[in-house]
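As structure tokens, the structure follows; a few thoughts come after it.
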């Protein structure tokens with residue numbers, strides 16, 4: 001259990017966590033967005049097993065949280081967090097905000113933040129978000145002569161074609177001869193592709209393997225780059241690059257079948273928020289930052305406006 005006290009009269013947030021980095025990024029993104037606007041005191045509470053959560057929910061007993069300050073908000077992402085969130089609300093109150101389409105009925109939660117690519121058609125109190133939330137902030141110099149390329153790898157949603165990815169990379173470097181690029185990989189990038197990537201290294205192309213980066217490395221590079229290219233399988237990186245206010249292009253990878261990730265990318269392209277690579281470079285006039293693409297901030301504004309009686313607006317502090 002992690003306790004991060006930041007102010008004398010904060011908005012108290014219980015962040016129910018399941019240990020998955022992707023879910024952690026979503027909820028910390030919302031916490032950071034809230035903390036930019038009001039003072040926040042957030043507490044990380046591990047999600048319990050289904051059996052334990054059900055027992056707590058029905059008995060209204062959870063001794064470990066009895067000494068904690070009562071929450072104004074209880075937030076979580078990931079199916080494992082749902083029952084713990086409901087138990088927390090029953091025992092100590094607070095508004096529940098789940099950052100996904102939950103596996104339980106929506107009406108059990110006070111608010112759901114559901115990515116529009118999920119195509120949710122049911123009832124309940126929810127906001128559609130453009131992709132999942134993330135903790136990236138729209139700050140930085142965004143040097144026109146700096147670019148970042150992020151490479152994914154094989155996934156259950158997209159086909160991995162090493163030759164096609166390499167061909168697109170080479171063409172991007174050729175079409176932007178004045179840009180200093182950094183190319184990084186991910187956990188999914190095949191080891192053999194690193195040997196191929198190293199052939200692209202030059203005075204203006206630096207290869208930085210995932211293993212050599214820190215947790216904040218991508219966000220730091222995005223704050224400095226004016227241009228980002230992301231392989232189509234890495235949807236979360238696309239949304240982080242957009243949030244950072246870089247101009248974003250996707251390197252094409254064929255979808256194995258129609259899925260929510262490919263739908264989200266298509267929507268962004270159709271709405272002219274991002275561009276798709278083409279060998280002629282005809283994307284260039286349309287490749288520009290999507291000003292105001294800050295979904296975590298938008299959701300935070302909605303929450304504070306809607307539940308203003310719980311907001312403490314007299315002081316704002318910075319999360320570390």
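Full extension of the segment from residue 171 to residue 59, taken as 0.36 nm per residue of separation minus the current Cα-Cα distance, would add 34.1 nm. With bins 20 Å wide beginning at 0, the percent of Cα pairs of the chain falling in each bin runs 31, 53, 16, 0. Spacing of the modelled spin labels on residue 178 and residue 260, each 7 Å from Cα toward Cβ, amounts to 4.2 nm. Length gained on full extension, residue 196 to residue 269: 23.4 nm, using 0.36 nm per residue less the C-alpha separation.
What shape does the stretch 1-114 take by its C-alpha gyration tensor, where a ≥ b ≥ c are the square roots of the eigenvalues and a/c under 1.5 counts as rounded, a/b above b/c as prolate, and the rest as oblate? Note, shape of the stretch 1-114 comes out oblate. How high is the relative contact order of the stretch 143-286, given as a whole-number percent (alpha carbon pairs under 8 Å, six or more residues apart)? This gives 30 percent for the stretch 143-286. With all pairs of separate Cα atoms included, the stretch 98-182 yields a Kirkwood hydrodynamic radius of 16.8 Å. For the chain, the longest principal axis of the alpha carbon atoms and the long axis of helix 21-35 meet at an angle near 70°.
Assign one of three labels to the stretch 72-219, namely rounded, prolate or oblate, based on the Cα gyration tensor with a ≥ b ≥ c the square roots of its eigenvalues; rounded applies when a/c is under 1.5, prolate when it is not and a/b is larger than b/c, and oblate otherwise. Prolate is the answer for the stretch 72-219, as a/c is 1.5 or above and a/b outweighs b/c. Relative to the dominant Cα principal axis of the chain, helix 82-92 is inclined by about 40°. Here the contact order of the stretch 98-170, divided by its residue count and restricted to Cα pairs under 8 Å and six or more residues apart, works out to 20 percent.
Global size of the stretch 143-286: 13.9, 40 Å for Rg and Dmax (C-alpha atoms, Rg to one decimal, Dmax whole). Is the stretch 134-174 rounded, prolate or oblate when judged by the Cα gyration tensor, a ≥ b ≥ c being the square roots of its eigenvalues, rounded requiring a/c under 1.5 and prolate requiring a/b larger than b/c? Oblate is the answer for the stretch 134-174, as a/c is 1.5 or above yet b/c matches or exceeds a/b.
Centre-to-centre, using Cα atoms only, the stretch 159-213 and the stretch 88-156 are separated by 29 Å. Across the stretch 36-163, the relative contact order, built from alpha-carbon pairs under 8 Å that are at least six residues apart, equals 15 percent.
Test of understanding: in a Gaussian network model of the chain with alpha carbons linked when under 10 Å, which of 165, 248, 98 would top the mean-square fluctuation ranking? Answer for the Gaussian network model of the chain: 165. Rounded to the nearest 10 degrees, the angle from helix 260-270 to the longest Cα principal axis of the chain is 60 degrees.
Any read-out appearing in this document is the output of simple, stated calculations on the displayed coordinates, not a laboratory observation. All values reported here derive from a predicted model rather than from experimental measurement. Glycine also receives a Cβ, built like all others from the backbone with ideal geometry; neighbour counts cover every protein chain displayed.
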